[in-house]
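The values are calculated or read from the model by the stated rules, or taken from the named source; none is laboratory data. Note that the coordinates shown come from a computational prediction; the quantities given were computed from them, not determined experimentally. Neighbour counts run over all protein chains shown; Cβ positions are idealised from the backbone, glycine included. These accessible areas exclude ligands, DNA and RNA; they are computed on the full protein's heavy atoms, side chains included. Shrake-Rupley method; radii C 1.70, N 1.55, O 1.52, S 1.80 Å.
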Amino acid sequence: MDPVRNPYSPGAGRKPAALVGRDKALKAWATSIERTRIGRTDQPVILYGLRGVGKTVLLSEFRRNAAKRDWIVAQIEAGAGKTLRELVGEALYAPLADIARASAGKRLLKAIKTALSFKASYDTNGIWSFGLDLDGTPGGGADTGILDTDLKKLIHDLAEAAEEEGVGLAILIDEAQDLDPAELITLCTVAHAAAQDNWAVLFGFAGLPSLPRILAEAKSYAERFEYFKIEQIEEDVVSEALSIPAAQEDATWDDEAIELVVAASGRYPYFLQQFGQETWNVASGPNIRAAEAQLGILQGYNQLDNGFFRARWDRATPAEQAYLRAMAPDGDAGSSSGEVAGRMNKKPKSLGPTRANLISKGLVYAPEHGVVAFTVPGMADFIGRQIDP
Ligand SMILES: Nc1ncnc2c1ncn2[C@@H]1O[C@H](COP(=O)(O)OP(=O)(O)O)[C@@H](O)[C@H]1O
Ligand SMILES: [Mg+2]
């Protein structure tokens, strides 16, 4: 069928035509937004899971939900060598520019002045002004250089400004496991202070399955945050991830064709999108048949091997690839570090740096101490398909 009209969307963070099976997390976020409106706050919402399950897409849906209500929203992705200070500061520029106006209320002007001082704390060259004269306005002071103090002041003043505007503030942080531990502690502290004093702010974090443990280690009260494990799509709705996008383009799937793609995908969103896309492209009519699905799945595997999996595999050095190979026999379940070392005839301790590098590259994570697992579902099988060097 016409590839131009292909409704499937494999790719990191790409909005699916049908966002299926995430009602619980979406509802929790919507409820938190409503509660903020009546002056109640909620604990941060944490989305955690493997790569390709749809965390970023969900976090972006949180953003859209808040933005629809004219909230002040900052969505950032941790990592890439930027500090939390820079990331938060830069993400606030556009939303603040949107609401900055000379007729703004006292609190908004104050928050803007505070945001300007926050900006000055990491960037002395680029100065924002928003065309406002803030000389007589209180605020500022978010430039002590102590992240805890500065971020708390910034979030506090912004939340008050949001309240004055009749909205709220949402801070959304993707790949949160990549934040520096000190930054995570700061965020937990600020979120905790906000929840205690009913500031009009909501936090949403997304990250790998190790995120809950990392948060708990950062601050014990992180245990009170609201956690959602994002996984494969539930069996009872998974077919909708294929049928709804097709229906929007006046196409249908035979039951058997859907079953084949669902089975091949293991119900993982990324794989559903990839196989869906390929099947669409090979299908001839408006009704997709099983034989076409079979071909689509084959081509989908090919695409995944050359893209999704390959991109990650190529990021590992030969020594790291050897480590990943030694993990592969355990499949997606995870391996004991000791056992991996045994298979490589090495001492576990000597492999510590390799393991640490693989974690910092986001290729593996530690579900618990002494255990490592792939961050990508199906990685073990992919490695099995590679020819030994
Ligand atoms: N609930 C869902 N239903 C259908 N497809 C989804 C869903 N969530 C995500 N996807 C698709 O899965 C892929 C991965 O989504 P992404 O949010 O990047 O995952 P993650 O951030 O967990 O790695 C994208 O192609 C996206 O379109
Ligand atoms: Mg993501």
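Some values worked out for this structure:
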quantity: Options Ala291, Ala333; residue that is closer than 24 Å to Arg267 by Cβ, out of contact with any helix residue (DSSP H, G or I) (no Cβ under 7 Å at 6 or more places or on another chain), at pLDDT below 95 and surrounded by fewer than 16 Cβ atoms within 10 Å (Cβ to Cβ); calculated: Ala333
quantity: Given (1) in contact with a Lys or Arg (Cβ under 7 Å, 6 or more places away or on another chain); (2) within 16 Å of ligand 2 (Cβ to nearest atom); (3) polar (S, T, N, Q), number of the condition Gln177 does not satisfy; calculated: (1)
quantity: Residues that are in a helix (DSSP H, G or I) and surrounded by 14 or more Cβ atoms within 10 Å (Cβ to Cβ), drawn from region 343-380; calculated: Arg343, Pro348, Leu351, Thr354, Arg355, Asn357, Leu358, Ile359, Met379, Ala380
quantity: Subset of region 216-246 (residues that are in a strand (DSSP E or B) and either more than 16 Å from ligand 2 (Cβ to nearest atom) or open to solvent by less than 40 Å² (accessible area, probe 1.4 Å) (or both)); calculated: Glu226, Tyr227, Phe228
quantity: Residue check for Val340: outside any helix (DSSP H, G or I), open to solvent by less than 60 Å² (accessible area, probe 1.4 Å) and in contact with a Phe, Trp or Tyr (Cβ under 9 Å, 6 or more places away or on another chain); calculated: no
quantity: Odd one out for Ile76, checked against (1) in contact (Cβ under 8 Å) with a residue 60 or more places away in the chain; (2) open to solvent by 50 Å² or more (accessible area, probe 1.4 Å); (3) within 13 Å of Asp174 (Cβ to Cβ); (4) not in a helix (DSSP H, G or I); calculated: (2)
quantity: Test for Ile155: is it surrounded by 21 or more Cβ atoms within 10 Å (Cβ to Cβ), not in a loop (DSSP other than H, G, I, E, B) and not assigned by TED's automatic domain parsing to the domain that holds Val372; calculated: yes
quantity: Options Glu183, Glu165; residue that is in the same structural domain as Lys110 (by TED's automatic domain parsing) and out of contact with any Gly (no Cβ under 8 Å at 6 or more places or on another chain); calculated: Glu183
quantity: Cβ pairs under 6 Å, 6+ apart, first in region 266-292 and closer than 15 Å to Gly21 by Cα and outside any helix (DSSP H, G or I), second open to solvent by 40 Å² or more (accessible area, probe 1.4 Å) and not charged (D, E, K, R); calculated: Arg267/Gln232; Tyr268/Gln232
quantity: Leading residue by the ranking (nearest to the chain's Cα centre (by Cα)) among those in region 260-276 that are open to solvent by 30 Å² or more (accessible area, probe 1.4 Å) and near ligand 1 (Cβ under 9 Å from one of its atoms); calculated: Tyr270
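Here is a yes/no grid of residues against (1) over 18 Å from the mean Cα position of the chain (by Cα); (2) open to solvent by 20 Å² or more (accessible area, probe 1.4 Å):
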residue: Ile171; (1), (2): no, no
residue: Leu184; (1), (2): no, no
residue: His192; (1), (2): yes, yes
residue: Ala200; (1), (2): yes, no
residue: Phe203; (1), (2): no, no
residue: Gly207; (1), (2): no, no
residue: Ile214; (1), (2): no, yes
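Each row is one residue, and each column tells you yes or no for (1) open to solvent by less than 50 Å² (accessible area, probe 1.4 Å); (2) within 16 Å of ligand 2 (Cβ to nearest atom); (3) assigned to a loop (DSSP other than H, G, I, E, B).
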site: Val4; (1), (2), (3): no, no, no
site: Pro7; (1), (2), (3): yes, no, yes
site: Pro10; (1), (2), (3): yes, yes, yes
site: Gly13; (1), (2), (3): yes, yes, yes
site: Trp29; (1), (2), (3): yes, no, no
site: Asp42; (1), (2), (3): yes, no, yes
site: Leu47; (1), (2), (3): yes, yes, no
site: Gly52; (1), (2), (3): yes, yes, yes
site: Phe62; (1), (2), (3): yes, yes, no
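Residues checked against (1) within 16 Å of ligand 1 (Cβ to nearest atom); (2) farther than 19 Å from Gly166 by Cβ; (3) of a type in the set (Ser, Thr, Tyr):
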residue: Gly52; (1), (2), (3): yes, yes, no
residue: Ala66; (1), (2), (3): no, no, no
residue: Ala78; (1), (2), (3): yes, yes, no
residue: Leu87; (1), (2), (3): no, yes, no
residue: Arg107; (1), (2), (3): no, no, no
residue: Phe118; (1), (2), (3): no, yes, no
